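Following: one structure in structure tokens, then a few remarks.
The values are calculated or read from the model by the stated rules, or taken from the named source; none is laboratory data. All of these numbers come straight from a predicted model, not from anything done at the bench. Cβ coordinates were reconstructed from backbone atoms using ideal geometry, including for glycine residues, and neighbour counts include every protein chain displayed.
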Amino acid sequence: MRKILYLLLVVMTVSVSPLVRAQTERDISGTYWVQGTNPGGKGSYQGIATVVKTGDAYRVHWEVGTVYQGVGKLKGNTFQVEWGTSKENVGTVTYQLQPDGSLKGTWYVAKNPESLGTETLSPKRK
């Protein structure tokens, strides 16, 4: 009887775990307004970003005067994206997911990682 109860507990745990995980994972796909500042206080920018989930990762497309592409991962409330336009112009942005659905972060260009810019992505409401 104990073996049957133990086996039943294991089966229930295994079958419920994916359901719980699926309910807690967020999908941040969507279109966002972009507001940002360049590193070193060298001006600000604005535009639109599109975030699309592909498997376990996300593709990001920014249009902020220049077009940038990136690939990132969401872990908990942290969304980290590697982005670029070419081999010479690449960097990383790390966002924190906010309660209102916006993403606030800091970014840098790989050739100068000590100089940070800031960026906020706000969901574009329909």
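A count restricted to segment 73-108 and to residues that are surrounded by 18 or more Cβ atoms within 10 Å (Cβ to Cβ) and over 13 Å from residue 32 (Cβ atoms) stands at 5. Of all residues in segment 76-95, those being in a strand (DSSP E or B) and either more than 17 Å from residue 25 (Cβ to Cβ) or among the aliphatic types (A, V, I, L, M) (or both) number 9. Restricting the first member to segment 42-53 and to residues that are under 16 Å from residue 125 (Cβ atoms), and the second to residues that are modelled with pLDDT of 95 or more and surrounded by fewer than 14 Cβ atoms within 10 Å (Cβ to Cβ), the beta-carbon pairs closer than 7 Å and six or more apart or on different chains are 48/63; 51/29.
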